[in-house]
C-alpha cells in the first residue's frame, strides 16, 4: 500500500534525523516536526503489528492490544513530561485522548465505514457496558475530585487523587476480568464469530511482537527529547500548554489507534473499531491517568487528578454524546460526522482559549 510505503520512508529517514538532530542541536521547531512525524510512523507500524495479532486473537483482545500499545506511546510521552514538570501538558494530553478517541477516532470510523456501508452494527451489550464505565470514569472519577478539591489544601488534593487512582485501576482490572474471563462469550455479537480467522495476518505472531517491542523502545527515546521542545514551540507559535496537550500530544500519541480504527471500520469490522475507540478511552481514564498520578509521586512535582473546568466540561460532553450515539449498537456516516463536528468545535475552543 502507498500509505505503508510513506510511513516506512518517514521511519527510515526520521529515526536517523532524530538522533542526528539531537546531537547537533538543531532548531527546536525543526526537531519538534521530525520527532512528531517519526512517532506517527512508528505508531503506524505498531498499529499494523497489533492488527496482525488481532486477526489471531479475535476482536476483543485485538482491540485491547491496539488500545494498549497505542496508549503506550502517550504514556511514555507523559512520563517524560511529568519528569520535566509539565503537569498542565500531561493533564491536557489525557483530556485530548478522551476527546480524540470518543469524537475523532470514533467519528472518523463511523463516517468512513458509513460511506461504504449504509448501516453498520457492533456489539450492543459491550456498548452499553462501556457506557456505564465511561460515565463512571469521567463523570464520577474526574468530576468529583474537582468538586471536593475546591475546599482542600494541596496534600488533601493529592490524597484524594491517589485514592481515586487506586479505585480506578482496581475497577479497570476487574472490567478486563469480567470481559475476558467470567463473561467471555456471554454477550457475544454475531460479527465476532464471522470471518476474522479467514483473513491472513500481515506478520506472524513472533515478528509482530518483536516490532512492537522495538518500536516502543524507539518511541521512548524520541519522546524524551520531544518533551523538551514543547516550551520553545509554544512560545514560537503562541500556543498554550493546554492546546499542545489536548491536540498535538493526543493526536501524535494516539496515531496508531486512529489509523487502525478507521481501517477496521472500512473493512466493516465495527466490533474492533469500537473496541479501539471506546476501549482506549477507558484505558486512558481508568489506567493511564491513575498510573501517571502514582508515578508523579516519585518525581519532584506530584500531579493531582484535578482538571480545569474547560477540560472537564469537554470530556463530560464527549462521553454523553458518545453514549447517546452508540447505545443502539449501530452507526452511520451522519453520526460519525456529528462526532467529528463536536471535536472541531472543542478543538477550536482550546486553540482560542
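Summary of values
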| read-out | value |
| --- | --- |
| Gain in span if fully extended, residue 88 to residue 353, counting 0.36 nm per residue against the direct Cα distance | 94.0 nm |
| Least to most buried among 83, 157, 269 (fewest other Cβ within 10 Å first) | 83, 157, 269 |
| For segment 72-97 versus segment 290-351, the gap between their alpha-carbon centres in whole angstrom | 15 Å |
| Rg/Rh ratio calculated on Cα atoms of segment 83-124 (Kirkwood radius) | 1.26 |
| Compactness of segment 2-352 as Cα Rg over 2.2 N^0.38 Å, two decimals | 0.95 |
| Stretch gain in nm, segment residue 231-residue 320, where the contour uses 0.36 nm per residue and the Cα spacing is subtracted | 28.7 nm |
| Spherically averaged projected area of segment 272-353 from its Cα convex hull (nm²) | 6.8 nm² |
| Mean Cα-pair separation over length for segment 2-352, i.e. relative contact order, pairs under 8 Å, 6 or more apart, % | 42 percent |
| Förster radius 22 Å - calculated FRET efficiency between residue 178 and residue 207 (Cβ-Cβ, nearest 0.05) | 0.10 |
| Rounded, prolate or oblate (a/c below 1.5 giving rounded, otherwise prolate when a/b exceeds b/c) for segment 80-182 by Cα gyration tensor | prolate |
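Rule-based calculations on the coordinates, nothing more; no lab input. Values in this document were obtained by computation on a predicted structure and should not be read as measured data. In this analysis, Cβ positions are derived from the backbone assuming ideal geometry, glycine residues included, and neighbour counts consider all displayed protein chains.
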